[in-house]
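Asks: Here it is: the structure, laid out below.
The values are calculated or read from the model by the stated rules, or taken from the named source; none is laboratory data. Source: prediction; values computed, not measured. With ideal geometry, Cβ positions are generated from the backbone for all residues, glycine too; neighbour counts draw on all protein chains shown.
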Protein chains: 4
Amino acid sequence: MATDARPQPYRWPDGYRSAACFTCDVDAESPYLWEMRDAMPAMLGQLEMRRFGPRQGLGRLLDLLDRHGVKGSFFVPGVVAEMHEWILPELAARGHETGLHGYFHEIVAQSSDAEFGDALDRSLELFERQTGQRPAGFRSPAWEMTPGMLERLRGRGLVYDSSLMGFDHPYEIDGLVELPVQWLLDDAIHFKFQGGGRDRWPPAPPEGVLDGWLEEWRMLHEWGEMFMLTVHPWISGRGQRIAMLDRLLSRLKAAGDVWFARCDEIAAHHLQSANRGRAAVRADIPAAIGPRRPGGS
Amino acid sequence: MATDARPQPYRWPDGYRSAACFTCDVDAESPYLWEMRDAMPAMLGQLEMRRFGPRQGLGRLLDLLDRHGVKGSFFVPGVVAEMHEWILPELAARGHETGLHGYFHEIVAQSSDAEFGDALDRSLELFERQTGQRPAGFRSPAWEMTPGMLERLRGRGLVYDSSLMGFDHPYEIDGLVELPVQWLLDDAIHFKFQGGGRDRWPPAPPEGVLDGWLEEWRMLHEWGEMFMLTVHPWISGRGQRIAMLDRLLSRLKAAGDVWFARCDEIAAHHLQSANRGRAAVRADIPAAIGPRRPGGS
Amino acid sequence: MATDARPQPYRWPDGYRSAACFTCDVDAESPYLWEMRDAMPAMLGQLEMRRFGPRQGLGRLLDLLDRHGVKGSFFVPGVVAEMHEWILPELAARGHETGLHGYFHEIVAQSSDAEFGDALDRSLELFERQTGQRPAGFRSPAWEMTPGMLERLRGRGLVYDSSLMGFDHPYEIDGLVELPVQWLLDDAIHFKFQGGGRDRWPPAPPEGVLDGWLEEWRMLHEWGEMFMLTVHPWISGRGQRIAMLDRLLSRLKAAGDVWFARCDEIAAHHLQSANRGRAAVRADIPAAIGPRRPGGS
Amino acid sequence: MATDARPQPYRWPDGYRSAACFTCDVDAESPYLWEMRDAMPAMLGQLEMRRFGPRQGLGRLLDLLDRHGVKGSFFVPGVVAEMHEWILPELAARGHETGLHGYFHEIVAQSSDAEFGDALDRSLELFERQTGQRPAGFRSPAWEMTPGMLERLRGRGLVYDSSLMGFDHPYEIDGLVELPVQWLLDDAIHFKFQGGGRDRWPPAPPEGVLDGWLEEWRMLHEWGEMFMLTVHPWISGRGQRIAMLDRLLSRLKAAGDVWFARCDEIAAHHLQSANRGRAAVRADIPAAIGPRRPGGS
């Protein structure tokens, strides 16, 4: 079968059947600051709701990971690290990776590649100052990328991006390692609720989502793929979701042959292993079909 | 760990591990009157549906609380107390707290702080006249607040607000006690359905919501936090939700070490206990980021 | 307790604890004809999907009711009776009530009281011609009413309306018997799906909805109220919903003390029993609050 | 009972009680190309997410069908066959039917019958070149049809369409065989999620959907109808859905008397059997009611 995909299964380090990666997008106030970047209303609701993240949610998530002995990757917008100065050092001290997530959680469709480059430089400077380390990777706010953003990440020496959904295992796009996410394994699409007429659906009860995540993991594990989970402290720091994540981690840990790894570790493995180059794609954007479509003008 | 949050667990009265607060926003016709404040259509659907609250829903909720021996806090818009004069006296006679909820269920984003102050004065006069008591607290329609509203509540001598979501336990904001709500524990986001093209999602079956509420309570109880539930008579006065609330209260009562208390009792406890001042925040509104963001104009 | 509601429980005929009413809004193409009343597109999708109702759905529902020995009330828009001439006679022959449902499924907010009167006269003439009987009741498309519509129903000698939600038992509004519906017990809000970008939510799996309906019935039965169910042939004539209705009817039938009755029978009972006058309300529309609200202009 | 529907049950080949048809709309990038036909943004998110279909999802679906010994019908837009040249030959080699699905996944309401004819000719040429066979059938993108499209399909000698929902068994419309779909048995309405503010509801957990599909099948099987399932590789190629489809096929296979057949086989059976002509309808579009409605202008 001549397909778009690699012929061989993905190879994980010795003895591991699949990989699991626990990631956290530490957004706090930043998406709201971005949304209201031109005019900030004198209202407290959204701010207080999101500040629950640094105040209570993040600590609960960190304690949960400690209990399970899991090290994760935390993507932190620059402004969040600036407003809550304890976050990056605390994450580093507990052995977690800190990765980039924009400066003001800039939404790609509302921002230019040049602005992206500026926000990247400013974030890198802040991360190095607060942690003494240069980040290895980036995750895009709202999981969108342009070829120009990939180019700027490479140009700054970053190793990986984690924003696209082209495979269920690490791959390469325009020479950068891509550690793919997927919507199903994001807490926000199931649980985020903002109020004030902003929402299109209510938060899901945790049980159905946990069933879906476990079923997704079961198959990814069987196939030897990567289970990439993403949570947000102001969302999954609430009681019922901490309980749900506790069950999830217990199940995955019990399997025994799951490689729990940080994004930087997975990217490094990819580059040093036989997987390299097997699923390498170009960041191709097709031309608009307008002029060539049958009957089109 | 230097965090945004208090270092110690919240302290409840002797022997109680956590607190549970049953609150009811007695909206009846008021949100519709506010929505149609400039032109009332000659249609009966919304009115009759909401009048089901005072006609049947509220009585069912009161009977339920009596059966479980629970005293709750009922937030009543002034116009509802005016149109249904039996409500405030009946609530007081049954031992429940009556709190403020705007006069016409004014939506914060559509109203000014000055209008808020006027509605507050008018509501206070009405409550004192109907019940002989001055209310201790306020809950904002649609759970939004401004610093100016907090200031006006303090200026009238009110003790607490219950509209924000910054912690899972009582805290202080600009010197006022805040008894936090959260969307997950609101019946309306799960169950409210108005018809006529107004809705973005259908009402949830009760079982999943009850599971979520019980799971949320289980964790809040384990952590010694506060379980703050909010219901509306025209929504939760329907059969399947009364049945669900019955199960919920049975479970919480069976725990034995849950402090069921009214909002005014919890606020008084907060001010008289060692908790005071441990989680005190400012009602800070950040400046719009526009001028300082990288590449921003 | 001086409340808005009647003091006594509702009285049902001898030995029955509660009532159950199976109603069917036989919309078929009519809501689409109304929506496209000014310009009908040359597309077949919506038409064929809705024609599934008269072609297969209605027959399945009728067979289901026959198997359970239940007589229901079917509200049929005039244009549907005109386009599918077998429907009204067949319903009458099987012992079901045929009631009015507008001529072109006119949406109240898009139509005048005068147009309503014209549609009423035209429908009455058609029903009498096709069935030899004058209908006793009316159900509004989309469950909205005006005081003027109530007046016109009374003026034509109709006995009841079934479109409002003010109680869980029969009541009177402006002198007309009202047999209340409620959104929770409507199949359309849970299951209707049209495609083509028209929908705000997907169709629910039947199990959760059945649980909600059974739980709603359990409480209404306990309280001696009325369980008023509404289905649509093009929606509930699909396999999984016929199966669900089968289970629902089996459960209610098994109770033994549920009065299964047609709307006209329930309205007649109301008028001849001690219930009459106990819950009689006016079709009051409050004035817009604009001029009198604090600080309002 | 004189109804719109055929009097006799549908007849299947010897010994089979009902039919099951597994179909796959292989959309990949095509709906996005159509949506962005006039201006393609320089963003990768939607493209990579959809390319997961040809890269991993389609192979998983094909392996699943092989394991269950099921041959299905795959509807492939021309541009997808052009961009992924292995797809049509691979499908044919594995014994599946390849059917038409537009060239650029043209949305009917945004396209003319003439454009449809051009896309049809271009697709037919491409399919014959890539597979050596002329397709027998067509499925409309987004499941919408016009009388003019039916006419053009007949004019090119196609045997069937599979886009409408008028019955639960094969029928004829304007002389073409119609193999009806239905929304409930489409994976996209339950599971499709695109992100970036495009969605109106989140993806469902698989369990409730599987329950609904099995219940739908149970009744269709009992009645001797056709179970027509539709999936998309970029949606149902994800782990939890492959697992769910595996369970579904196991259950249907276990029944023993289900005729698993490709669309072209079912259409051929229809034309050669006693079913022919029993449910034959016209593609009637009623006139707009405007001028004749009571009180209408």
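Asks: Go over the candidates C:280, C:243 one by one and state the one that is modelled with pLDDT of 95 or more and either within 14 Å of chain D (Cβ to nearest Cβ) or touching a Leu at 6+ places or on another chain (Cβ under 9 Å) (or both). I'd like the intermediate steps shown before the answer.
Replies: Details: C:280 fails: either within 14 Å of chain D (Cβ to nearest Cβ) or touching a Leu at 6+ places or on another chain (Cβ under 9 Å) (or both).
When all the criteria are applied, what remains is C:243.
Asks: Looking only at residues that are farther than 16 Å from residue C:264 by Cα and more than 13 Å from chain D (Cβ to nearest Cβ) in the range C:108-127, which one is farthest from the chain's Cα centre (by Cα)?
Replies: C:109
Asks: If we keep just the residues of the range B:140-158 that are within 18 Å of the chain's Cα centre (by Cα) and under 23 Å from residue A:53 (Cα atoms), which is modelled with the lowest pLDDT?
Replies: It comes out as B:142.
Listed here are the residues, each with its yes/no results for (1) touching a strand residue (DSSP E or B) at 6+ places or on another chain (Cβ under 6 Å); (2) of a type in the set (Val, Ile, Thr).
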site	(1), (2)
B:207	no, no
B:221	yes, no
B:242	no, yes
B:248	no, no
B:262	yes, no
B:286	no, no
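Asks: Against the definition (surrounded by fewer than 21 Cβ atoms within 10 Å (Cβ to Cβ) and part of a loop (DSSP other than H, G, I, E, B)), how does residue C:200 come out, yes or no?
Replies: Details: surrounded by fewer than 21 Cβ atoms within 10 Å (Cβ to Cβ): yes; part of a loop (DSSP other than H, G, I, E, B): yes.
Yes, satisfied.
Asks: Applying the selection to the range D:225-248, what residues are among the charged types (D, E, K, R) and closer than 12 Å to residue D:191 by Cα? Spell out how you get there, then give the answer.
Replies: At the first step, the residues of the range D:225-248 found to be among the charged types (D, E, K, R) are D:225, D:238, D:241, D:246-247.
Matches in the range D:225-248: D:238, D:241.
Asks: Moving on to the next point. Which residue is nearest to residue D:203 (Cα to Cα), if the candidates are limited to the range A:183-197 and must be facing another protein chain (nearest Cβ under 7 Å) and part of a loop (DSSP other than H, G, I, E, B)? Reasoning before the result, please.
Replies: Taking the range A:183-197 as the starting set, the residues that turn out to be facing another protein chain (nearest Cβ under 7 Å) are A:183-184, A:189-190, A:193, A:195-196.
Next, only the ones that are part of a loop (DSSP other than H, G, I, E, B) stay: A:193, A:195-196.
Numbers: A:193: 16, A:195: 20, A:196: 23 Å.
Of everything passing the filter in the range A:183-197, A:193 is nearest to residue D:203 (Cα to Cα).
Asks: Tell me the residue from D:26, D:79 that is under 17 Å from the mean Cα position of the chain (by Cα), over 17 Å from residue D:253 (Cα atoms) and β-branched (Val, Ile, Thr), please.
Replies: On the way: D:79 fails: under 17 Å from the mean Cα position of the chain (by Cα).
Just a single option satisfies the conditions, and that option is D:26.
Asks: While we're here: Residues being of a type in the set (Phe, Trp, Tyr) and crowded, with 24+ Cβ neighbours inside 10 Å: count how many of those fall in the range A:75-96.
Replies: If we filter the range A:75-96 for residues that are of a type in the set (Phe, Trp, Tyr), which is where we start, we get A:75, A:86.
With crowded, with 24+ Cβ neighbours inside 10 Å added as a condition, the list becomes A:75.
Qualifying residue count for the region: 1.
Asks: Would you confirm, using the coordinates I've provided, whether residue D:82 is within 30 Å of residue A:8 (Cα to Cα), touching a residue at least 24 places away in the same chain (Cβ under 8 Å) and of a type outside the set (A, V, I, L, M, F, W, C)? Before you say what the answer is, go through the steps one by one.
Replies: On the way: within 30 Å of residue A:8 (Cα to Cα): yes; touching a residue at least 24 places away in the same chain (Cβ under 8 Å): yes; of a type outside the set (A, V, I, L, M, F, W, C): yes.
Yes; evaluated as a whole, the condition is true for this residue.
Asks: Now, a different point. Limited to the range A:97-131, what total is found for residues that are of a type in the set (Asp, Glu) and either closer than 15 Å to residue A:141 by Cβ or crowded, with 17+ Cβ neighbours inside 10 Å (or both)?
Replies: Going through the range A:97-131, the residues of a type in the set (Asp, Glu) turn out to be A:97, A:106, A:113, A:115, A:118, A:121, A:125, A:128.
If we keep only those that are either closer than 15 Å to residue A:141 by Cβ or crowded, with 17+ Cβ neighbours inside 10 Å (or both) as well, we get A:97, A:106, A:113, A:115, A:118.
The total comes to 5.
Asks: Could you grab the pairs with beta carbons closer than 6 Å, sequence gap of 6+ or different chains, first residue in the range A:251-273 and hydroxyl-bearing (Ser, Thr, Tyr), second one surrounded by 15 or more Cβ atoms within 10 Å (Cβ to Cβ)?
Replies: Hits for this filter: A:273/A:11.
Asks: Counting just the residues of the range A:139-160 that are within 14 Å of chain D (Cβ to nearest Cβ) and in contact with a strand residue (DSSP E or B) (Cβ under 7 Å, 6 or more places away or on another chain), which one comes out surrounded by the most Cβ atoms within 10 Å (Cβ to Cβ)?
Replies: If we filter the range A:139-160 for residues that are within 14 Å of chain D (Cβ to nearest Cβ), which is where we start, we get A:139-153.
Okay, now just the ones that are also in contact with a strand residue (DSSP E or B) (Cβ under 7 Å, 6 or more places away or on another chain), so A:139, A:145, A:150, A:153.
Working: A:139: 24, A:145: 26, A:150: 23, A:153: 23.
This residue is A:145.
Asks: Any residue in the range D:40-47 that is within 12 Å of chain A (Cβ to nearest Cβ) and over 24 Å from residue D:198 (Cβ atoms)? Steps first, please.
Replies: Initially, the range D:40-47 is screened for residues within 12 Å of chain A (Cβ to nearest Cβ), giving D:40-47.
Those left that are additionally over 24 Å from residue D:198 (Cβ atoms): none.
For the range D:40-47, residues within 12 Å of chain A (Cβ to nearest Cβ) and over 24 Å from residue D:198 (Cβ atoms): absent.
Asks: Does residue A:37 satisfy the criteria of being among the basic types (Lys, Arg), touching a helix residue (DSSP H, G or I) at 6+ places or on another chain (Cβ under 7 Å), over 30 Å from residue D:54 (Cβ atoms) and crowded, with 22+ Cβ neighbours inside 10 Å? Lay out the reasoning, then the answer.
Replies: Working: among the basic types (Lys, Arg): yes; touching a helix residue (DSSP H, G or I) at 6+ places or on another chain (Cβ under 7 Å): yes; over 30 Å from residue D:54 (Cβ atoms): yes; crowded, with 22+ Cβ neighbours inside 10 Å: no.
No.
Asks: Let me ask something additional. Just one of (1) free of Cβ contacts under 8 Å to residues at least 24 places away in the same chain; (2) in contact with a Phe, Trp or Tyr (Cβ under 9 Å, 6 or more places away or on another chain) trips up residue C:42, so point out which.
Replies: Residue C:42 satisfies all of (1) free of Cβ contacts under 8 Å to residues at least 24 places away in the same chain; (2) in contact with a Phe, Trp or Tyr (Cβ under 9 Å, 6 or more places away or on another chain) except (2).
Asks: Look through D:101, D:105 and report the one residue that is within 13 Å of chain A (Cβ to nearest Cβ), in contact (Cβ under 8 Å) with a residue 40 or more places away in the chain and under 13 Å from the mean Cα position of the chain (by Cα).
Replies: Numbers: D:101 fails: within 13 Å of chain A (Cβ to nearest Cβ).
Answer to the selection: D:105.
Asks: Exactly one condition in (1) at the interface with another protein chain (Cβ under 9 Å from one of its Cβ atoms); (2) in contact with a strand residue (DSSP E or B) (Cβ under 9 Å, 6 or more places away or on another chain) is false for residue A:77; which is it?
Replies: Exception for residue A:77: condition (1).
Asks: Tell me, which helices (runs of 4 or more DSSP H) wholly within the range A:77-171 include 3 or more residues that are out of contact with any helix residue (DSSP H, G or I) (no Cβ under 7 Å at 6 or more places or on another chain)? Steps first, please.
Replies: Values: elements: A:78-83, A:87-93, A:113-131, A:147-155.
Answer list for the range A:77-171: A:87-93, A:113-131, A:147-155.
Asks: Any residue in the range D:44-53 that is crowded, with 20+ Cβ neighbours inside 10 Å and under 30 Å from residue C:88 (Cα atoms)? First the steps, then the outcome.
Replies: So in the range D:44-53, the residues crowded, with 20+ Cβ neighbours inside 10 Å come out as D:44-53.
After this cut, where a residue has to be under 30 Å from residue C:88 (Cα atoms) as well, the list is none.
Looking through the range D:44-53, none of the residues is crowded, with 20+ Cβ neighbours inside 10 Å and under 30 Å from residue C:88 (Cα atoms).
Asks: With respect to residue D:86, determine if the residue is closer than 19 Å to residue A:290 by Cα, of a type in the set (Phe, Trp, Tyr) and within 14 Å of chain A (Cβ to nearest Cβ). Even if it seems obvious, please write down each step before you answer.
Replies: Numbers: closer than 19 Å to residue A:290 by Cα: no; of a type in the set (Phe, Trp, Tyr): yes; within 14 Å of chain A (Cβ to nearest Cβ): yes.
No.
Asks: Return yes or no: is residue B:60 within 14 Å of chain C (Cβ to nearest Cβ), among the basic types (Lys, Arg) and crowded, with 19+ Cβ neighbours inside 10 Å? Step through it out loud before you land on a result.
Replies: Values: within 14 Å of chain C (Cβ to nearest Cβ): yes; among the basic types (Lys, Arg): yes; crowded, with 19+ Cβ neighbours inside 10 Å: yes.
Judged against the criteria, residue B:60 is a match.
Asks: Any residue in the range B:216-229 that is within 7 Å of another protein chain (Cβ to nearest Cβ) sitting within a Cβ distance under 7 Å of a residue that is hydrophobic (A, V, I, L, M, F, W, C) and surrounded by 21 or more Cβ atoms within 10 Å (Cβ to Cβ)? List the pairs, counting only those 6 or more apart or interchain.
Replies: Close Cβ pairs satisfying both conditions: B:216/B:184; B:216/B:185; B:219/A:242; B:220/B:226; B:220/B:227.
Asks: Hey, residue A:238 hits all of (1) within 21 Å of the chain's Cα centre (by Cα); (2) surrounded by fewer than 21 Cβ atoms within 10 Å (Cβ to Cβ); (3) within 14 Å of chain B (Cβ to nearest Cβ) but one; which does it fall short on?
Replies: The single condition residue A:238 does not satisfy is (2).
Asks: Got at least one residue in the range C:159-177 being at pLDDT below 95 and on the phi > 0 side of the Ramachandran plot? It would help to see each step written out before you state the result.
Replies: Let us first name the residues in the range C:159-177 that are at pLDDT below 95, namely none.
For the range C:159-177, residues at pLDDT below 95 and on the phi > 0 side of the Ramachandran plot: absent.
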